[in-house]
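See below for the structure under consideration.
The values are calculated or read from the model by the stated rules, or taken from the named source; none is laboratory data. Small disclaimer: the values here were computed from a predicted structure and weren't measured. Cβ placement follows ideal geometry from the backbone for every residue including glycine, while neighbour counts extend to all protein chains displayed.
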Amino acid sequence: MIHPRQILIAPMITEKTGQQMQNNNTYTFKVSINANKIEIKKAIESIFAVKVLNINTIRLLGKPKRLGRYSGKRPDWKKAIVTLRAGDKIADFEV
């Protein structure tokens, strides 16, 4: 099994996610591209000691980029939008 810290790469803190944290008790994470919803749920529950109600995952393709005549592509990545039980909070995220 993958270690929970390898599944959750980074929290995503933007203006929109800040509003979702306050209003809907919803948090957004950048996660490993190979992680599924079950692994993400177990990782969040073990790291933060909260109860997860729902997870939505989105797989995003990297943008094509150029530098002069050389072209390349940013890496693909995945984000997870996690809804927690009412009353549960992740203290590290307070905006």
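A single entry from I55, I13 fulfils the requirement of being surrounded by 11 or more Cβ atoms within 10 Å (Cβ to Cβ), within 11 Å of the chain's Cα centre (by Cα) and touching a residue at least 40 places away in the same chain (Cβ under 8 Å): I13.
Restricting T28, T57 to those that are over 20 Å from G87 (Cα atoms) and assigned to a strand (DSSP E or B) reduces the list to T57. Residues that are surrounded by 16 or more Cβ atoms within 10 Å (Cβ to Cβ) and either among the basic types (K, R) or outside any strand (DSSP E or B) (or both) within region 31-41 comprise S32, A35, E39, I40, K41, listed in sequence order. When V50 is tested against (1) part of a strand (DSSP E or B); (2) in contact with a Lys or Arg (Cβ under 8 Å, 6 or more places away or on another chain); (3) within 20 Å of T17 (Cβ to Cβ), only condition (1) is not met.
One residue stands out among those in region 57-95 that are out of contact with any Leu (no Cβ under 6 Å at 6 or more places or on another chain) and among the aromatic types (F, W, Y): the one that is modelled with the highest pLDDT, which is Y70.
Just one of the listed residues (T57, T14) is within 20 Å of D92 (Cα to Cα) and hydroxyl-bearing (S, T, Y), and it is T14.
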